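Enquirer: After the structure tokens below, expect a handful of questions from me.
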Amino acid sequence: MLRRTLVAATALVAAAALTLTACSGTAPTEGTGSPDPDASVVVRLVLEPTNLDIRQTSGAALDQLLIDNVYQGLVSRTPEQEIEPALASDWTVSDDGLTYTFTVQDGVTFHDGQELTPQDVVWSLTQHRDNADWVDASTLAKVTGIAAEGQNVTLTLSEPDSQLLWNLSGRAGIILKEGDGVDYQTAANGTGPFTLTAWAQGDSVTLTRYDGYWGTPSEAAEVIFDYIPDNQAALSAALAGELDVVTGLALTADIADQLSDGGDFTIIEGESTDKGTLAFNQTTGPLADQRVRQAIRQAIDHEAFVEALGGSTTLYGPIPALDPGYEDLSDVAPYDPDAAEKLLADAGYEDLTLTLTIPSFYPTTIAQLLVSDLDQVGITLKVDSVDFATWLQDVYTNKDYELSFVLHTEARDFGNWADPDYYFTYDNAEVQTLFAQSLTATSDEEADELLTRAARIVSEDAAADWLFNGLSLVAVGTTVSGMPADSVNERLNVAQLTKSDG
């Protein structure tokens, strides 16, 4: 049976200004006082989903809100990226890696009260595999058979898939009610510890404890996700006592001091798979030339970038330290403006103008630093700051951009670099072969080695630039317990959140 046990990477170092106020580690936070079972906990998030359709709408905002809290799969994953049971009490994998057998939990009901059956599992996984427009449908392509017998559901594969359990812990594995008539755009009917009871678009989403939950009930009566894109507005709301937990803050020394000095908040630090990715559209124009892309990478002072932003560490390749296949690739694109200028001259671009498309909710510091660094080597960077819906349409869907920045929070998403149809526009046959081989590997060690080789090629091709690996920095009220520390921008299981009266 192939199970991955992730070992936490060496602890990341926070910005020096945070060392006196930040707590690090992966354990949930511990507050003061006795938990109030009737409490309402308010959590600030940055990015609101455009709709609630977990099947067909991309973006981490839905994963963060719905997975584990409202929807569940046969298996789930911890913030430290370990696979754990969920709707399946246990599972086995055949020695040849071609048969997975899951035992479905008894006594599970959907939020509408209907009992979950193994047939719902079969239907859900079949639908997700067979509907190409469902997010991550391709990750189930090797599953040739899905059948139920009693409480067991068996998946048969055409060839081994080292990532199957991981994929089942995400979108591809979510279990829905067969033939459900719910309007997935605006509502949800899952099996998780919370029901989604209200969505005030442009403001907040309210999750309420589901009294019929099959597992351990949520600690708080309700959790409200308050969507506040602007950092200063979030800071003001926190200081006014309107927020219990603040995620997504650019925790500069000033912000950290304001939140912690009053004694009402503690800054916690964890690891994450957040990758600040500067994408290059390589289909036409100057960015089709590897020398131009490499020049851009070497024109960027990554150490200074991280120092200016805070709450992050350097990253020089597509795989962060928490993910399998990580390697320090700083040797591939060292900061060297002179080398960058020579590369541009060799490519015939001594005076170049490019446009950066960036969602407007990101700190302006990111664009400002890029403009300044690239200007030093003769590249004029124009900045097009757009709302996220526009970014999704123009960049993600239509690939209508030159350079683009977005924070990719998903774990184990290297497959995007092996997909020439993804908005990165990167197409390398060797990388695609290595990735495919990693999926059919029958040991973790073999899969990791193949991913490491592929990631180095991606970096050497200057397929993109990775400006930073974000830390998971969260301000937690001193009366709040149970807040995860790691990977909170990717998934946020709030079932253990509690709040006391102090």
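Quick grid of which residues meet (1) farther than 23 Å from D63 by Cα; (2) without any contact (Cβ under 8 Å) to a residue 12 or more places away in the chain; (3) over 28 Å from the mean Cα position of the chain (by Cα):
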{"site": "P79", "(1), (2), (3)": "no, no, no"}
{"site": "I83", "(1), (2), (3)": "no, no, no"}
{"site": "L87", "(1), (2), (3)": "no, no, no"}
{"site": "Y100", "(1), (2), (3)": "yes, no, no"}
{"site": "D106", "(1), (2), (3)": "yes, no, yes"}
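Enquirer: Specify which of the listed residues (T5, T26, T10) is outside the structural domain of G181 (by TED's automatic domain parsing), assigned to a loop (DSSP other than H, G, I, E, B), modelled with pLDDT under 90 and farther than 29 Å from T498 by Cβ.
Expert: Unique residue meeting the criteria: T10.
Enquirer: Of the numbered conditions (1) under 20 Å from I358 (Cα atoms); (2) not in a loop (DSSP other than H, G, I, E, B), E303 fails exactly one; give the number of that condition.
Expert: (1)
Conditions (1) surrounded by fewer than 24 Cβ atoms within 10 Å (Cβ to Cβ); (2) at pLDDT 95 or above; (3) among the hydrophobic types (A, V, I, L, M, F, W, C), marked per residue:
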{"site": "S443", "(1), (2), (3)": "yes, no, no"}
{"site": "R453", "(1), (2), (3)": "yes, yes, no"}
{"site": "I457", "(1), (2), (3)": "yes, yes, yes"}
{"site": "D461", "(1), (2), (3)": "yes, yes, no"}
{"site": "A464", "(1), (2), (3)": "no, yes, yes"}
{"site": "V480", "(1), (2), (3)": "no, yes, yes"}
{"site": "P484", "(1), (2), (3)": "yes, no, no"}
{"site": "V488", "(1), (2), (3)": "no, no, yes"}
{"site": "S500", "(1), (2), (3)": "yes, no, no"}
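Enquirer: Sticking with this one: Any idea which residue in region 42-66 is surrounded by the fewest Cβ atoms within 10 Å (Cβ to Cβ), counting only those that are in contact with a strand residue (DSSP E or B) (Cβ under 7 Å, 6 or more places away or on another chain), closer than 22 Å to P217 by Cβ and outside the structural domain of T478 (by TED's automatic domain parsing)?
Expert: The selected residue is Q64.
Enquirer: Same structure, new question: Please find, among D95, D63, D106, D112, the residue that is in a helix (DSSP H, G or I) and among the charged types (D, E, K, R).
Expert: D63
Enquirer: May I ask you to say which residue of D384, D373 is in contact (Cβ under 8 Å) with a residue 24 or more places away in the chain, touching a strand residue (DSSP E or B) at 6+ places or on another chain (Cβ under 8 Å), of a type in the set (D, E) and surrounded by 15 or more Cβ atoms within 10 Å (Cβ to Cβ)?
Expert: Going through D384, D373 in turn, the sole match is D384.
Enquirer: Scan region 198-207 and tell me whether some residue there is surrounded by 14 or more Cβ atoms within 10 Å (Cβ to Cβ), within 21 Å of P35 (Cβ to Cβ), touching a strand residue (DSSP E or B) at 6+ places or on another chain (Cβ under 9 Å) and free of Cβ contacts under 8 Å to residues at least 60 places away in the same chain.
Expert: yes
The values are calculated or read from the model by the stated rules, or taken from the named source; none is laboratory data. Bear in mind the structure is a predicted one, so any value in this text is a computation, not a measurement. Neighbour counts are summed over all protein chains in view; Cβ atoms, including those assigned to glycine, are modelled from backbone coordinates with ideal geometry.
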